[in-house]
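*Asks:* This structure is in structure tokens; I'll ask about it shortly.
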Amino acid sequence: MSIAVDGVEPRYVFVPRTVEELLDVLAVVERDGLNTLIVGRGSKLFMGNVPRRLDALIVVGGMQPAVEVDEDELVFSSSASTSYDELRRELNRHGLRWPVDPPLARFSSVGGIVASNMYGPMAYWYMTPRDQLLRVRLALVGGSMTTWGAGVIKDVAGYNVRRLVAGSMGVLGVITEVKMRAAALPEEVAVAVLDRTLDLRALRKLKPVGAVEVDGRSYMRFEGNRAEVEYRLGSMGAGDVLYGREAEELWGDLTSMAGLFSEPVVLKVVAPPANLSAAPLPQGKTFRVPMLGVAYVATGSIVGLNDLRAWASSVGGHVAVLKAPPEAKAHMDVWDIRGNRDLMARVKEAFDPRGLLGAGRYI
Amino acid sequence: MDRRLARALASIVGEENVLVDPAELLVYEADGSLVTATRPDVVVFPGTAEEVAGVMRLAREFGVPIVPRGSGTSLSGGAQPVRGGIVLSLARMNRILEVDLDNEVVVVEPAVINAWVNEAVQRAGYAIAIDPGYQYAPDPGSQRVSTVGGNVGHNSGGIKCFKYGVTVNHVRGLEVVLPNGEVRRLGGKAFEAPGLDLTGLFVGSEGTLGVVTKVTIRVVPLFEAVKTILATFDSADAAGSAVSALVRSGVRPLAVELMDKEAVEAVESGPYAAGLPRDAEALLLIDVEGSEPGASQDAEKVASILRAHGANMVRLASDGDEAQKWWAARKQAFGAMGFVGPNYVVEDGTVPRKALPLALNRIREIVAAHGLRVANVFHAGDGNLHPLILYDERDPAQRDAALRAGEEVLRMCVELGGTITGEHGVGWHKRRLLPLMYSEVELDLMRRIKAVFDPDNVVNPGKVLP
């Protein structure tokens, strides 16, 4: 198997089939001091700084998928390698869902979504994977297995390592299993389409579960019981409305952002929501999540990035370069981490003392 | 105590903000659990982050422990100065700095009382005509006295957390002072900060990594209508089963609380009596919210599910006043225990929701085996148990028995797949039990995380980690 990361080819590619094999591989990583990256299904392999040095890739996406659903508790456990679609189908079979709608979901593994903490517009109500994570099993360099969290809704015993692991891009260890909060399938789902964008306050008053703006149009998702959804749609006035399966398909297509991520450069702008409308976004395809203060922009180059970052910094936000050619990323921190990098590096060191995971791609 | 330390502290915060008189120190010997007490050498009241930083540097220089304290309502000995040293009271840092509803956040100093946030948000909300406004959702039972900083330290939960999550899900940013005196800003008003989630790590770290001096919290929009449903059952088992059915149904209740007969008896014997039925073995109190028609439909569905699962009485609150009365009774349950027993130990384990009936039975057996009585008030939606084990402190053997029973209850929670603490924290009292949940490899990793921030083990030593 040959996989290059930003043009850098690893010497070794490990494809463990079981957790036991993964632990053996991690023992080898430590023994031989291999600078290693973790890959799930590879849907986000373009994300990150150009690797400083890359000896090995561990591809965990081929491990056996497994999902266990507990309808009484409204939770599910999933192996990291389970695909988002496999999980969705299994949860739907039990009348449940994982209430997340992150970019590239249809191409992602559960572990990849948690490791990147990528989220979509529904995070306004349901929060991010990091917030929904109840327990995580994390394999460390050297081959130790650790478990963080009791797996119940409320658990404050010890440090909240779960929150560190979610969004850590595989630099602390390898996620092998997660236990997450689920939600029941709502009685009704509707997506309303307006041919204009709305003022933020006006949008919030409509109380959608999530809202996006694409090409000058607003898409708002409503869900709940029928009376609730009809009431919200009634407050909105004019507009096209899709219900049920049609609504879910439209929402899934929109929020997956496959078209946007096929462009050579993708920026993610995060700002306090009231400031986002003033962002000096470059020309290109945009996907705004106004209630969260997040915008994705697909452009041809990173020209103007410094000005955009200066603006974001001035309002307390940041601009991550999610995708760009390696030569464009070579001399920047794509994540735009400004403060507390020293603390993050030392926290990483607590998990990975020799700094073997991540190869400079994240922290 | 080293008099040089007191003089140096006074030079930072002013003489009037330093306590050394043993009589005055008495107040700071214990936290809200009142089970154990240890005296600090000195109490200081800094007024700014810079003063906190100065005190931190001094503690490090003198090699004395420093214990941050809000209102002291913690229930696990977290605010107790178990090794003496400096109690750093944040009481003077109690200003609401900004209500920014455009960005749906509020910025506060750490000693702002939880309930003040909602009062401030409601005042600001009047400026937005016809809008239902906003709320700060985390609402621990202590919300009228506990501080936001203390809630951050313990990652406090509360009644509405079933729907909205706990404190960590509402903290966007922190200003913290590290033990070396550095002031750091983590996160901010934006929905997400890049890099590892240090904000999330600090929340729930029980003051062992540093001192929080500013908190940016998100507020969530209120709905037009809230419906409150009261239901009674012949057994706590039946009530627990009804909760599982309710949660599976697709309704997202705002709150699901359970009180057993003993707890209702205590509440109804006191000033917050709300006419709750004393003859029921268990009582559920449930809120749903939404638009008027949406909330009404949910309330009907909830009532129908409860009836189908053994409720012998289901009532919808006739108006907001009645609902408020019922909730006030629930929230005063801890305080009302004085009417049925002179003292109590409150535990805080969580079990999987479906294990609630079994856990309740086991709790009764455990406590009875120690010759004591127990009342139960808990967050049924999330399986967070709060058994109140009643004892009389005039009999030291009873106190010890209550503590032993409490520990057995927590061990049972872990056996059933739960945790030793759902929202009160590990603190001092439960640190010995943490190995029930974490291996030595995991505990060692937590120790290394602590050392990243506090290599000299100056801040709140002896807490959380065994």
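The values are calculated or read from the model by the stated rules, or taken from the named source; none is laboratory data. Because the structure is predicted, anything quoted here is derived from the model rather than measured. All Cβ positions, even for glycine, are placed from backbone atoms using ideal geometry, and neighbour counts span all protein chains on display. Please note that ligands, DNA and RNA were not included when accessible areas were found on the heavy atoms of the full protein model with its side chains. Shrake-Rupley method; radii C 1.70, N 1.55, O 1.52, S 1.80 Å.
*Asks:* Suppose we filter B:Asn312, B:Asn376, B:Asn361 for residues that are touching a Ser or Thr at 6+ places or on another chain (Cβ under 7 Å) and under 30 Å from B:Arg248 (Cα atoms); which single one remains? Talk me through it step by step, then tell me what you get.
*Replies:* Details: B:Asn376 fails: touching a Ser or Thr at 6+ places or on another chain (Cβ under 7 Å); B:Asn361 fails: touching a Ser or Thr at 6+ places or on another chain (Cβ under 7 Å).
Matching residue, one of B:Asn312, B:Asn376, B:Asn361: B:Asn312.
*Asks:* Quick check on the stretch B:254-273: of everything there that is of a type in the set (Asp, Glu) and outside any strand (DSSP E or B), which residue is farthest from B:Trp327 (Cα to Cα)?
*Replies:* Residues of the stretch B:254-273 that are of a type in the set (Asp, Glu), as a first pass: B:257, B:260, B:262, B:265, B:268.
Remaining after also requiring outside any strand (DSSP E or B): B:262, B:265, B:268.
Details: B:Glu262: 17, B:Glu265: 15, B:Glu268: 13 Å.
Out of the qualifying residues, it is B:Glu262.
*Asks:* Here's a follow-up. Could you grab me the full set of residues in the stretch B:187-205 that are under 23 Å from B:Gly422 (Cβ atoms), open to solvent by 10 Å² or more (accessible area, probe 1.4 Å) and more than 8 Å from chain A (Cβ to nearest Cβ)?
*Replies:* Answer for the stretch B:187-205, where residues must be under 23 Å from B:Gly422 (Cβ atoms), open to solvent by 10 Å² or more (accessible area, probe 1.4 Å) and more than 8 Å from chain A (Cβ to nearest Cβ): just B:Thr199.
*Asks:* Note down all Cβ pairs under 6 Å where the first residue falls in the stretch A:186-211 and is at the interface with chain B (Cβ under 10 Å from one of its Cβ atoms), the second is in a strand (DSSP E or B) and open to solvent by less than 30 Å² (accessible area, probe 1.4 Å), and they're at least six residues apart or on different chains.
*Replies:* From the stretch A:186-211, the pairs are A:Pro186/A:Glu223; A:Pro186/A:Gly224.
*Asks:* Hey, A:Val8 hits all of (1) of a type outside the set (Lys, Arg); (2) in contact with a Leu (Cβ under 9 Å, 6 or more places away or on another chain); (3) open to solvent by 50 Å² or more (accessible area, probe 1.4 Å) but one; which does it fall short on?
*Replies:* (3)
*Asks:* Consider the stretch A:132-142. How many of its residues are surrounded by fewer than 21 Cβ atoms within 10 Å (Cβ to Cβ) and free of Cβ contacts under 8 Å to residues at least 60 places away in the same chain?
*Replies:* Within the stretch A:132-142, residues that are surrounded by fewer than 21 Cβ atoms within 10 Å (Cβ to Cβ) and free of Cβ contacts under 8 Å to residues at least 60 places away in the same chain number 1.
*Asks:* Of the residues that sit in the stretch A:324-347 and are at the interface with chain B (Cβ under 8 Å from one of its Cβ atoms), open to solvent by 20 Å² or more (accessible area, probe 1.4 Å) and part of a helix (DSSP H, G or I), which one is nearest to B:Gly188 (Cα to Cα)?
*Replies:* Restricting to residues being at the interface with chain B (Cβ under 8 Å from one of its Cβ atoms), open to solvent by 20 Å² or more (accessible area, probe 1.4 Å) and part of a helix (DSSP H, G or I), the top hit is A:Arg341.
*Asks:* Another question about this same structure. Working only within the stretch B:418-431, note down all residues that are more than 12 Å from the chain's Cα centre (by Cα) and more than 7 Å from every other protein chain (Cβ to nearest Cβ). Talk me through it step by step, then tell me what you get.
*Replies:* First pass over the stretch B:418-431, keeping only residues more than 12 Å from the chain's Cα centre (by Cα): B:418-420, B:427-431.
B:Gly427, B:Trp428, B:His429, B:Lys430, B:Arg431 - these are the residues of the stretch B:418-431 that are more than 12 Å from the chain's Cα centre (by Cα) and more than 7 Å from every other protein chain (Cβ to nearest Cβ).
*Asks:* Just give me the residues in the stretch A:55-86 being closer than 25 Å to B:Val351 by Cα and touching a helix residue (DSSP H, G or I) at 6+ places or on another chain (Cβ under 7 Å), in sequence order.
*Replies:* A:Val67, A:Val69, A:Glu71, A:Asp72, A:Glu73, A:Leu74, A:Phe76, A:Ser78, A:Ala80 - these are the residues of the stretch A:55-86 that are closer than 25 Å to B:Val351 by Cα and touching a helix residue (DSSP H, G or I) at 6+ places or on another chain (Cβ under 7 Å).
*Asks:* Here is a further query. Can you tell me which residue within the stretch B:101-120, out of those that are acidic (Asp, Glu) and in contact with a strand residue (DSSP E or B) (Cβ under 7 Å, 6 or more places away or on another chain), is farthest from B:Gly149 (Cα to Cα)?
*Replies:* Ranking the candidates gives B:Glu104 first.
*Asks:* Okay, moving on. If I go through the stretch A:37-87 residue by residue, how many of them are charged (D, E, K, R) and more than 30 Å from B:Gly383 (Cβ to Cβ)? I'd like the intermediate steps shown before the answer.
*Replies:* Within the stretch A:37-87, the subset charged (D, E, K, R) is A:41, A:44, A:52-53, A:55, A:68, A:70-73, A:85-86.
Next cut, more than 30 Å from B:Gly383 (Cβ to Cβ) only: A:41, A:44, A:52-53, A:55, A:85.
Final tally of qualifying residues: 6.
*Asks:* If you don't mind, there's one more thing I want to ask. For A:Ile175, state whether it is in a strand (DSSP E or B), of a type outside the set (Lys, Arg), surrounded by 24 or more Cβ atoms within 10 Å (Cβ to Cβ) and touching a residue at least 24 places away in the same chain (Cβ under 8 Å).
*Replies:* Judged against the criteria, A:Ile175 is a match.
*Asks:* Which of (1) within 11 Å of chain A (Cβ to nearest Cβ); (2) modelled with pLDDT of 95 or more; (3) under 16 Å from B:Gly204 (Cα atoms) is the odd one out, the single condition B:Pro110 does not satisfy?
*Replies:* The failed condition is (1).
*Asks:* Specify which of the listed residues (A:Ala238, A:Ala183, A:Ala157) is surrounded by fewer than 21 Cβ atoms within 10 Å (Cβ to Cβ) and within 10 Å of another protein chain (Cβ to nearest Cβ).
*Replies:* A:Ala183
*Asks:* Oh, and also: Mind listing whichever residues of the stretch A:27-76 are within 20 Å of the chain's Cα centre (by Cα), within 14 Å of another protein chain (Cβ to nearest Cβ) and part of a loop (DSSP other than H, G, I, E, B)?
*Replies:* Of everything in the stretch A:27-76, those that are within 20 Å of the chain's Cα centre (by Cα), within 14 Å of another protein chain (Cβ to nearest Cβ) and part of a loop (DSSP other than H, G, I, E, B) turn out to be A:Met47, A:Gly48, A:Asn49.
*Asks:* For the stretch A:300-310, check the following and say yes or no: at least one residue is out of contact with any helix residue (DSSP H, G or I) (no Cβ under 7 Å at 6 or more places or on another chain), under 23 Å from A:Leu104 (Cβ atoms), open to solvent by less than 20 Å² (accessible area, probe 1.4 Å) and within 14 Å of chain B (Cβ to nearest Cβ).
*Replies:* For the stretch A:300-310, residues out of contact with any helix residue (DSSP H, G or I) (no Cβ under 7 Å at 6 or more places or on another chain), under 23 Å from A:Leu104 (Cβ atoms), open to solvent by less than 20 Å² (accessible area, probe 1.4 Å) and within 14 Å of chain B (Cβ to nearest Cβ): absent.
*Asks:* Could you name every one of the strands (runs of 3 or more DSSP E) located completely within the stretch B:33-116 that has at least 1 residues being open to solvent by 20 Å² or more (accessible area, probe 1.4 Å)? Spell out how you get there, then give the answer.
*Replies:* Details: elements: B:42-44, B:66-69, B:86-89, B:96-100, B:105-108.
Per the criteria, B:66-69, B:96-100.
*Asks:* Taking the stretch B:173-186, which residues are at the interface with chain A (Cβ under 9 Å from one of its Cβ atoms) and either surrounded by 22 or more Cβ atoms within 10 Å (Cβ to Cβ) or touching a residue at least 40 places away in the same chain (Cβ under 8 Å) (or both)?
*Replies:* Result: B:Gly173, B:Leu178, B:Leu186.
*Asks:* Something else about it: Quick one: which residue in A:Met127, A:Met145 is in contact with a Leu (Cβ under 7 Å, 6 or more places away or on another chain), within 11 Å of chain B (Cβ to nearest Cβ) and open to solvent by 10 Å² or more (accessible area, probe 1.4 Å)?
*Replies:* Checking each option against the conditions leaves just A:Met145.
*Asks:* Select from the stretch A:106-117 the residues that are among the hydrophobic types (A, V, I, L, M, F, W, C) and open to solvent by 10 Å² or more (accessible area, probe 1.4 Å) and write down the one among them that is farthest from B:Glu104 (Cα to Cα).
*Replies:* Here the answer is A:Phe107.
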